[in-house]
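K.L.:
Before I ask anything, here is the structure I am working with.
The values are calculated or read from the model by the stated rules, or taken from the named source; none is laboratory data. Model, not experiment: these values are computed from the prediction. Note that we place each Cβ from the backbone using ideal geometry, even for glycine, and neighbour counts take in every protein chain shown. These accessible areas exclude ligands, DNA and RNA; they are computed on the full protein's heavy atoms, side chains included. Shrake-Rupley method; radii C 1.70, N 1.55, O 1.52, S 1.80 Å.
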Amino acid sequence: MIQKEQHFPTNICFLPCHLNLSLPPSLPIQPASLALRSFINHSNLNISPINQSVNMGALDVLSRKSGVIVGDDVLNLLKYAKEHKFAIPAINVTSSSTVVASLEAARDAKSPLILQMSQGGAAYFAGKGVSNTDQFASIAGAIAGANYIRSIAPAYDIPVILHTDHCAKKLLPWLDGMLAADEKYFAEHGEPLFSSHMIDLSEEDKEWNIATTKKYLQRAAPMKQWLEMEIGITGGEEDGVDNTGVDNNSLYTQPEDIYEVYKALSPVSPYFSIAAAFGNVHGVYKPGNVKLHPELLGKHQAYAKEKINCKEDKPLFLVFHGGSGSSKEEFTAGISHGVVKVNLDTDLQYAYLTGIRDYVLNKKDFIASQVGNPEGEDKPNKKYFDPRVWVREGEKTMSARIKEALSDFNTANQL
Ligand SMILES: O=C(CO)COP(=O)(O)O
Ligand SMILES: O=C[C@H](O)COP(=O)(O)O
Ligand SMILES: [Zn+2]
Ligand SMILES: [Zn+2]
């Protein structure tokens, strides 16, 4: 026991690094417990980093530099991304392990990040053993995941947008439950629990989609909460909704439809983005099967600019769904037309698996039993089957794939 305490690193400071830097070198090394208390006190507070004057990056436009950001910080970060031609990857997370793998990648690449939970991913956060009648598990899991992300994100010293993904008509009770949690959190802390949500009524009648989305934006607006909506359908599958057979035309949104959305939503709040379909499909398919037309997004921006009669060339915040399997050229084209968020799930699910798969295959003789391996029949295998060892391998490969995305989306080194 004493030995374990001696191994505890007392010289590790858990503060975000800009605070760390602000400690005069003559100060004694902070005991971990004090540093941790200080981190807890400071996390999510509005702290200016010591290097603000020299740092010409996205942090300059944020009042909260690290941890989950909300309200105007979200707006300012997305505006900054649009101006500086990068998009923030939105990673679907389902566990603390996938959260930390994502945060680690973004921290190492000095990038902002969006972490999102789908309805199914949120239920998984609660545990597959919890009933999802009336969206109970999806609501409870989303709240648990949000609180976890809120508490750990400041330790990675990067700004994080906390988001939820899709939400078709039949899942609206899930969104209602999360909004109730947001309102409760807002009453206590002056900000919503989640930075943003998505509502996806793209399979419904267009007028109903826009009118219902507007109602939800009216509910989110007093909390300065962001809402992403979808018009035109993302193919493939999402939230158990199978869009594999939809009419091909629905996969390409028309500029008039986008402007209709803008016209309805912009008087309510500036905090909204549009997932316009330009051939996007969830999942990864044989090359040639998915035909993306990111140039259509440029047409949407031009049409909206002309109608609004604004100075800005790209008045819309656009979202790229179905990022997995797409090329750097497709991302770059989308980003040049105002894509500020790219959703990436399938490629990361696979990346997470590969680390674990390779570990299991390479170490199969060390994990076949608790005791006994090629080095001796009495050798214990605990250090090989500890989940912190093999799950970590998945985190590493997932992190590496996220770093690739951060580089492809021009997000790396933007902080
Ligand atoms: O759009 C997505 C989540 O909303 C992710 O799509 P992919 O799984 O194709 O990356
Ligand atoms: O929208 C699609 C995302 O990949 C989420 O998928 P999921 O519903 O399987 O969690
Ligand atoms: Zn959709
Ligand atoms: Zn999607």
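K.L.:
Gain in length, Lys215 to Lys364, computed as 0.36 nm per residue apart minus the alpha-carbon separation, to one decimal in nm?
P.N.:
Between Lys215 and Lys364, full extension yields 48.2 nm more.
K.L.:
Could you give the distance between the Cα centres of the range 242-288 and the range 364-379, to the whole Å?
P.N.:
Measuring centre to centre over Cα atoms gives 53 Å.
K.L.:
How far, in degrees from 0 to 90, does helix 346-362 lean away from the longest principal axis of the Cα atoms of the chain, to the nearest 10?
P.N.:
20
K.L.:
Answer with one residue from Tyr359, Ala90, Ala109: the one whose Cα lies farthest towards the positive end of the charge dipole of the chain, charges on Cβ with Lys, Arg +1 and Asp, Glu -1.
P.N.:
Ala109
K.L.:
Count the DSSP beta bridges whose two residues both fall in the range 202-314, then state the antiparallel fraction as a percent rounded to the nearest 5.
P.N.:
Antiparallel bridges: around 40 percent, rounded to the nearest 5.
K.L.:
If you don't mind, there's one more thing I want to ask. Can you sort Thr133, Thr411 by 1.4 Å-probe accessible area, starting with the largest?
P.N.:
Thr133, Thr411
K.L.:
Considering only DSSP beta bridges whose two residues both sit in the chain, what percent are antiparallel, to the nearest 5?
P.N.:
That works out to approximately 15 percent antiparallel.
K.L.:
Still on this structure: Which order do the peptides 286-299, 391-404 come out in when sorted by mean C-beta neighbours inside 10 angstrom, highest first?
P.N.:
Order by mean packing, descending: 391-404, 286-299.
K.L.:
How large is the charge dipole for the range 66-340, taken about the Cα centre, if only the Cβ atoms of Lys, Arg (+1) and Asp, Glu (-1) carry charge, to the nearest 20 debye?
P.N.:
460
K.L.:
While we're on this one: Compute the FRET efficiency between Asn413 and Val130 as 1/(1 + (r/R0)^6), taking r as their Cβ-Cβ distance and R0 = 51 Å, and round to the nearest 0.05.
P.N.:
In this case the efficiency is close to 0.80.
K.L.:
Follow-up. Rounded to the nearest whole Å², what accessible area per residue is found for the chain with the 1.4 Å probe?
P.N.:
On a per-residue basis, 46 Å².
K.L.:
Mean separation of Cα pairs under 8 Å and 6+ residues apart, divided by the residue count of the range 224-322: what relative contact order is that in percent?
P.N.:
33
K.L.:
Multiply the residue gap between Ser63 and Ser327 by 0.36 nm, knock off their C-alpha separation, and tell me the result in nm, one decimal place.
P.N.:
This chain segment gains 91.6 nm when fully extended.
K.L.:
With 26 Å as the limit, write out which pairs from Lys169/Lys214; Lys224/Lys341; Lys299/Lys328; Lys110/Lys364; Lys79/Lys311 have Cα-Cα distances beyond it, or answer none.
P.N.:
Going by Cα-Cα distance, Lys110/Lys364 fall outside the 26 Å limit.
K.L.:
Is the range 194-300 best put as rounded, prolate or oblate by its Cα gyration tensor, with a ≥ b ≥ c the root eigenvalues, rounded for a/c under 1.5, and otherwise prolate when a/b is larger than b/c, oblate when not?
P.N.:
Prolate, because a/c is 1.5 or more and a/b exceeds b/c.
K.L.:
Right, here's the next one. What number, in nm² with one decimal, is the all-direction average of the projected area of the convex hull of the alpha-carbon atoms of the chain?
P.N.:
23.5
K.L.:
When the chain is fully extended, how far beyond the present Cα-Cα distance does Lys382 get from Glu204, taking 0.36 nm per residue of separation?
P.N.:
So the extension gain works out to 58.8 nm.
K.L.:
So for the chain, averaging the separation of alpha carbon pairs under 8 Å that are six or more residues apart and normalising by length, what relative contact order in percent results?
P.N.:
17
K.L.:
Give me the one-decimal nm value for the distance between modelled label points at Ile308 and Ser151, 7 Å along each residue's Cα-to-Cβ direction.
P.N.:
My value for the distance between the label points is 4.0 nm.
K.L.:
Carbon and sulfur: what percent of the chain's accessible surface (1.4 Å probe)?
P.N.:
Ligands and nucleic acids excluded, carbon and sulfur give 55 percent.
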